[in-house]
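Below is one structure, written out as structure tokens; the observations come after it.
The values are calculated or read from the model by the stated rules, or taken from the named source; none is laboratory data. These figures come from a predicted structure and were not determined experimentally. So basically every Cβ, Gly included, is an ideal-geometry build from the backbone, and we count neighbours across all protein chains shown. Ligands, DNA and RNA are stripped out before the accessible areas are found, and what is left, the full protein with its side chains, is counted by its heavy atoms. Shrake-Rupley method; radii C 1.70, N 1.55, O 1.52, S 1.80 Å.
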Amino acid sequence: MEGDFCTSEGARRLKTKIQEYWRDRGYDVTVDLVDEGFVPAMRSGRTDVRSDMINGLPRRRIQQDS
């Protein structure tokens, strides 16, 4: 499923989309995937997408060569 970001593959696609979005705007964002394994409440495995952003905004610009 294309819009399913809860699977491992979906989480990888989401990671790529986030990094490309901010790179296109001149920001360096680090995104990590954390495999949480089976979660009884969800009755499935889970992969978390975590970044170094604060309140959804990047912390640093890409350094430009002068």
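For Asp24, what accessible area in Å² do you get when you roll a 1.4 Å probe over the heavy atoms of the protein chains, rounding to the nearest 10?
The value for Asp24 is about 130 Å².
Relative contact order for the chain: what percent, with Cα pairs under 8 Å and sequence separation of 6 or more?
RCO, the chain: 31 percent.
Looking at the chain, identify the longest residue range that excludes and avoids all trypsin sites (Lys or Arg not before Pro) in DSSP loops having at most 16 other Cβ atoms within 10 Å. Can you show the working numbers first?
On the way: sites that count: Arg25, Arg43, Arg59.
Formally, the longest exposed-site-free interval is 1-24.
Of the listed values [x] 28, 12, 8; [y] 16, 13, 11; [z] 24, 13, 8, identify the label whose number matches semi-axes √(5λ) of the Cα gyration tensor in Å calculated from this model.
Only one option fits the structure, namely [x].
Just how much of Glu20 is accessible, in Å², when a 1.4 Å probe is used and the result is rounded to the nearest 10?
90 Å²
So how far apart, in nm, are the two label points at Cys6 and Asp35 if each is 7 Å from Cα heading toward Cβ?
1.9 nm
Once amide H atoms are placed 1.01 Å from N in the peptide plane, what residues at a sequence separation of 5 or more from Ser51, or on another chain, have their amide H within under 5 Å of its amide H?
Here the answer is Asp32, since their amide H atoms fall under 5 Å of that of Ser51.
About its Cα centre, what dipole magnitude does the chain give when the only charges are +1 on Lys and Arg Cβ and -1 on Asp and Glu Cβ, stated in debye to the nearest 20?
So the magnitude is around 180 debye.
Put +1 on the Cβ of every Lys and Arg and -1 on every Asp and Glu Cβ in the chain; which of Ile18, Val39, Ser8 then has its Cα farthest towards the positive end of the dipole?
Going by the Cα projections, it comes out as Ile18.
For Cys6, which sequence-distant residues (separation of 5 or more, or a different chain) have an amide H within less than 5 Å of its own amide H, given hydrogens modelled in the peptide plane?
none
Taking the Cα atoms only, what angle lies between the long axis of helix 8-24 and the longest principal axis of the chain, rounded to 10 degrees?
Relative to the chain, helix 8-24 is tipped by roughly 10 degrees.
In Å², and per residue, what accessible area does the chain have when probed at 1.4 Å with the other protein chains present?
Value for the chain: 80 Å² per residue.
Summarise the accessible area of the chain (1.4 Å probe, protein heavy atoms) by the percent that is carbon and sulfur.
Details: 2510 of 5270 Å².
Here it works out to 48 percent.
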